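Written below as structure tokens is the structure these notes are about.
No lab work stands behind these numbers, since they all come straight from the coordinates. Given the structure is predicted, the values throughout are model-derived calculations rather than measurements. Quick reminder, even Gly has a Cβ in these numbers, built from the backbone with ideal geometry, and neighbours come from all protein chains shown.
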Amino acid sequence: MSTLWAGRDIGDVLVEDSVELSRESLVRYAGASGDFNPIHYRDDVAKSVGLEGVLAHGMLTMGLAVAPVTAWLGDRGFVSSYQVRFTKPVYVPAESSVAVSASVSLAKVNEPTEGSATLALSVTTQDGTTVLGKAFVVVSPR
Amino acid sequence: MSVNRELLDTVFEPTKPYVVGREKVREFASAVFATAPIHHDVDAAIAAGYSDVVAPPTFPIVIQEKALHQILSHPGAGINFSRVVHGDQKFEYQRPLVAGDEVVATLRVTKIQSLGGHTMLTSESTITTTAGEPVVVATSTLVIRGEEG
């Protein structure tokens with residue numbers, strides 16, 4: 001698996017992707033995950049607790065941000081650790097969508113001989129707001 | 001209402017066994033835009049060395065949620081659910097979950113901290129197969145926002 005990092009420098013972007021989140025995406029995630037908190041589908045409830053409106057589940061953002069990593073990794077290794085801090089809400093309008101982009105870069109090669117590395121995720125919405133902080137993925141050989 | 005500090009170091013009963021279903025993995029993968037074939041196609045998963053479709057990395061949240069529910073619904077916990085915000089989340093995996101795994105989660109409260117009127121509650125859910133094989137530890141920090149006024 002060391003070939004994954006061969007020729008790569010710290011800070012190099014390995015993979016990036018962008019998805020469009022709509023209210024439909026939120027309903028789909030609610031059903032798939034079992035998280036039916038109404039702040040993710042009802043503006044009135046979201047506003048009653050001091051939010052601007054309906055927002056994406058933090059775990060939806062965390063989940064979509066790592067999807068490019070697993071797609072890129074294929075069967076060459078597995079995600080052995082993944083952590084994030086939820087720093088900013090991702091508000092999702094009723095009648096359009098919001099683009100969320102994830103950029104994955106090489107942060108540290110942990111054990112060169114075994115091929116484990118730490119990747120840093122930069123996750124932003126279309127207006128440039130960073131929505132996940134301290135977002136790191138460790139990939140390891142199986 | 002304030003968070004009951006006696007929760008610290010409390011270890012809850014293991015959750016009821018949860019069977020990771022193939023269609024659930026596919027449904028969850030689609031919901032998080034995870035298009036890699038190993039999440040959807042059994043043959044691709046087998047070719048990659050797994051016994052069935054592979055759950056995306058954040059899938060264990062579904063199981064952690066069942067463990068967390070034990071705290072949030074605990075009558076003595078003093079937690080008002082409508083004031084709870086997700087602060088941090090971490091997963092540390094021995095291997096990915098795959099369809100067919102039957103797992104339980106055992107939750108321990110590891111930290112309770114006050115910060116500017118809010119309370120941060122950190123818990124660790126250890127997810128193992130019913131045969132006792134450790135698979136993933138899910139660590140979550142919930143921020144319980146202070147009551148105003």
Pick from B:V136, B:V84, B:V98: which residue has the top mean-square fluctuation in a GNM of chain B where Cα pairs under 10 Å get a spring?
-> B:V84
With each pseudo-label sitting 7 Å past Cα toward Cβ, what's the B:V19-A:V109 distance in nm, one decimal?
-> 4.5
Calculate, for B:V85 and A:D12, the FRET efficiency according to 1/(1 + (r/R0)^6) with r their C-beta to C-beta distance and R0 35 Å; round to the nearest 0.05.
-> 0.55
Interchain or long-range residues, amide H under 5 Å from A:V90's placed H | A:A56
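Based on the Cα gyration tensor of the protein assembly as shown, what are the three equivalent ellipsoid semi-axes, each the root of five times an eigenvalue, rounded to whole Å and given largest first?
Result for the protein assembly as shown: semi-axes of 30, 23, 19 Å.
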Enumerate the residues in region B:96-139 having an amide nitrogen under 20 Å from the point lying 7 Å beyond the Cα of B:L72 toward its Cβ.
-> B:104-113, B:118-127, B:137-139
Pairs of Cα atoms under 8 Å, at least six residues apart: use those to get the relative contact order of chain B, whole percent.
-> 29
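Percent relative contact order of chain A, based on C-alpha pairs within less than 8 angstrom and at least six residues apart?
31
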Vicinal HN-Hα couplings computed from phi for region A:18-30 (Karplus, 6.51 cos²θ - 1.76 cosθ + 1.60; Hz; Gly/Pro x) | 9, 10, 9, 9, 10, 4, 4, 4, 6, 5, 4, 5, 4
To the nearest Å, what is the center-to-center distance of region A:90-113 and region A:1-49, using C-alpha atoms only?
-> 8
Of A:K134/B:K111; A:K47/A:K134; A:K108/B:K66, which ones are farther than 26 Å apart at the Cα?
-> A:K47/A:K134; A:K108/B:K66
Gaussian network model of chain A, springs between alpha carbon atoms under 10 Å - residue of A:T130, A:T87, A:T61 with greatest fluctuation = A:T87
Zone of B:S114's modelled label, taken as backbone nitrogen in region B:1-28 under 17 Å from a point 7 Å along Cα→Cβ = B:1-8
Distance in nm between A:Y41 and B:S2 label points, each 7 Å along Cα→Cβ, equals 3.8
Convex hull over the Cα atoms of chain B, averaged projected area in nm²?
-> 9.6
